[in-house]
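The values are calculated or read from the model by the stated rules, or taken from the named source; none is laboratory data. Note that this is a predicted model, so its numbers are computed, not measured. We place every Cβ from the backbone using ideal geometry, glycine too, and count neighbours over all the protein chains shown.
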Amino acid sequence: MSKLFLSGTVEAVEDVTARMRRIRLAGVPDLRWTPGQHVRVRVGTLTLRTYSIWDYDGHLDLCVLDHDTGGPGARWAREAMPGQRVSFTRPEGRLVPREDAPYHVFVGDATASVPFGAMLRALPESVPVHCVIEAEDRLPMPREVIWTDNLLDTLRALDLPSEPGIAYVAGEARACQSARAHLVRDRGWPRRSVAIKPFWTPGKRGMD
Ligand SMILES: Cc1cc2nc3c(=O)[nH]c(=O)nc-3n(C[C@H](O)[C@H](O)[C@H](O)COP(=O)(O)OP(=O)(O)OC[C@H]3O[C@@H](n4cnc5c(N)ncnc54)[C@H](O)[C@@H]3O)c2cc1C
């Protein structure tokens, strides 16, 4: 049976934005993953936090936001240093690109931009995408992104084809619900066309 935890060694740590750190783990061979998936990282003796895979090429890259009310996950990222060992679970999760869609819509915040970057890289350039992200911390994204300070208003104003595509909605829980409600109620999309994954919510620790 496969081991529950894998491990790697921090090789590099880089501030990619003011509050977003990229943590590169070396010594992680043959990882099976689909862009959009996440791992659960041991950030303390008994504490796990979930982080999306930004990239994998034999090295595993995670990007962690040092948010204002930072808990153990944010602290782990702030204090990560080359040479440290890190344990984490195998990649999992269903927020992954669907192949049968005429176009793809990405809606989320800074934390969601991590899986979105990986998913956008995996989609052929010929596939139409619309990406709206509310974030001050802006990761370098592989396709055009509408950066906004009002996610819902920008999504409402987005010029989309009349037939539904597939939407990936992630980030703060209530913002995710509002975005899905807009697509389903106002635009008439079927619920199954909206893949939603709340990443965090005020007052709740370590969502998964
Ligand atoms: C599937 C999945 C993928 C995720 N991928 C990423 C990722 O790639 N990068 C990443 O940075 N995070 C990601 N997250 C969120 C991450 O797992 C943690 O929730 C986050 O790092 C907070 O952990 P913490 O220990 O610092 O704070 P916690 O102890 O979990 O929470 C303390 C408090 O901080 C506040 N808080 C938590 N997150 C935020 C935030 N983003 N902004 C403002 N306030 C916040 C809340 O009020 C919370 O009650 C993901 C979550 C899930 C479920």
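Every condition in (1) over 17 Å from VAL64 (Cβ atoms); (2) surrounded by fewer than 17 Cβ atoms within 10 Å (Cβ to Cβ); (3) at pLDDT 95 or above; (4) not small (Gly, Ala, Ser) holds for ARG138 except the one numbered (1).
Among the residues making up region 25-38, those that are within 14 Å of the ligand (Cβ to nearest atom) and either surrounded by fewer than 16 Cβ atoms within 10 Å (Cβ to Cβ) or under 18 Å from ARG121 (Cα atoms) (or both) are TRP33, THR34, PRO35, GLY36, GLN37, HIS38. Condition check for LEU95 on (1) buried (at least 19 other Cβ atoms within 10 Å of the Cβ); (2) aliphatic (A, V, I, L, M); (3) more than 9 Å from the ligand (Cβ to nearest atom); (4) part of a loop (DSSP other than H, G, I, E, B): one failure, at (3).
Condition test on THR111, is it free of Cβ contacts under 8 Å to residues at least 60 places away in the same chain, of a type in the set (Val, Ile, Thr) and within 20 Å of TRP200 (Cβ to Cβ)? Answer is no for this residue. Kindly indicate the residue of region 170-208 that is among the β-branched types (Val, Ile, Thr) and within 12 Å of the ligand (Cβ to nearest atom) and also farthest from TYR103 (Cα to Cα) among those meeting that condition. Only one residue tops the list, namely THR201.
Determine which single condition PHE88 fails, assuming it passes every other condition in (1) modelled with pLDDT of 95 or more; (2) more than 20 Å from PRO142 (Cβ to Cβ); (3) assigned to a loop (DSSP other than H, G, I, E, B). The number of the failed condition is (3). Among the residues of region 49-92, the ones that are in contact (Cβ under 8 Å) with a residue 60 or more places away in the chain, more than 7 Å from the ligand (Cβ to nearest atom) and farther than 30 Å from LEU123 by Cα come to 6 in all.
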